[in-house]
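In what follows, a structure is listed as structure tokens, so that the remarks can point back to it.
The values are calculated or read from the model by the stated rules, or taken from the named source; none is laboratory data. Note that the coordinates shown come from a computational prediction; the quantities given were computed from them, not determined experimentally. Here the Cβ positions follow ideal geometry from the backbone for every residue, glycine too, while neighbour counts run over all protein chains shown.
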């Protein structure tokens, strides 16, 4: 897929500052900068039968929202599989849960953390939340921090424990989990979900043991 770069006059590149506490817990300060000017025309046509993974942040601001929706529509038209990381509970609440769920109805795999799953489903229990969201999407993988992760699809519910790790910095753990899980799931969408969860958890464990999102 050919990628192009467009300069946005007067805007800085997007920047995130990660503040890490002892024990690895982190918070972030974000300036999305030129990312907020993402437009539908910037979205390249997807390869037929490929995969689109979309950050939920793309949908949570009115400026790039149209580009995110255009990407999802183009992926569906091209017969692509899709996955989505909801982002975080604060922006989701401000945007509106029902509105967000309506925007993402066609997404095949949802990848929330526990708090996001609870917010989007209205369920306090993570397993109940995963099942409820799986009724709207094809499959759901919920990250549970030190407790591992859950997979829900149809009548299937699978839990896998976190891999042992000395936690230094949790920045990037969720993205690493997504990368590991998608690599296995996309290779065999009908395979063992435990293997996909384990792959994601292994990647996450490798990230949290060192500083930075690498």
Count, please, the residues in region 53-62 that happen to be assigned to a helix (DSSP H, G or I) and modelled with pLDDT of 90 or more.
-> 1
Filter region 163-177 down to residues that are part of a loop (DSSP other than H, G, I, E, B) and under 18 Å from the mean Cα position of the chain (by Cα) and give me whichever is surrounded by the most Cβ atoms within 10 Å (Cβ to Cβ).
-> 171
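In region 1-22, which residue that is surrounded by 10 or more Cβ atoms within 10 Å (Cβ to Cβ) and outside any strand (DSSP E or B) is modelled with the lowest pLDDT? Lay out the reasoning, then the answer.
Of the residues in region 1-22, the ones surrounded by 10 or more Cβ atoms within 10 Å (Cβ to Cβ) are 6, 8, 11-16, 18-21.
Checking which are outside any strand (DSSP E or B) leaves us with 6, 8, 11-14, 21.
Details: 6: 81, 8: 83, 11: 80, 12: 80, 13: 81, 14: 74, 21: 70.
Checked region 1-22; the qualifying residue modelled with the lowest pLDDT is 21.
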Could you pull out the residue among 150, 157 that is under 15 Å from the mean Cα position of the chain (by Cα), in a strand (DSSP E or B), in contact (Cβ under 8 Å) with a residue 12 or more places away in the chain and more than 30 Å from residue 67 (Cβ to Cβ)?
-> 150
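Return yes or no: is residue 142 outside any strand (DSSP E or B) and under 17 Å from residue 82 (Cα atoms)? If you could, list the steps in order and put the result at the bottom.
Values: outside any strand (DSSP E or B): no; under 17 Å from residue 82 (Cα atoms): yes.
The answer is no for residue 142.
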Condition broken by residue 173, with the remaining ones in (1) in contact with a helix residue (DSSP H, G or I) (Cβ under 7 Å, 6 or more places away or on another chain); (2) modelled with pLDDT of 95 or more; (3) farther than 22 Å from residue 93 by Cβ satisfied = (2)
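For region 93-113, name all the residues that are under 13 Å from the mean Cα position of the chain (by Cα) and not in a strand (DSSP E or B). Please lay out each step first, then the result.
Within region 93-113, the subset under 13 Å from the mean Cα position of the chain (by Cα) is 104, 107-113.
Across region 93-113, the qualifying residues are 104, 107, 108, 111, 112.
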Tell me which residues, restricted to region 82-113, are surrounded by fewer than 18 Cβ atoms within 10 Å (Cβ to Cβ) and in contact with a strand residue (DSSP E or B) (Cβ under 8 Å, 6 or more places away or on another chain).
-> 106
How about region 71-81: which of its residues are buried (at least 17 other Cβ atoms within 10 Å of the Cβ) and not in a loop (DSSP other than H, G, I, E, B)?
-> 71, 72, 75, 81
Would you be able to tell me the number of residues in region 114-133 that are in contact (Cβ under 8 Å) with a residue 24 or more places away in the chain, closer than 24 Å to residue 196 by Cα, buried (at least 19 other Cβ atoms within 10 Å of the Cβ) and within 16 Å of the chain's Cα centre (by Cα)?
-> 4
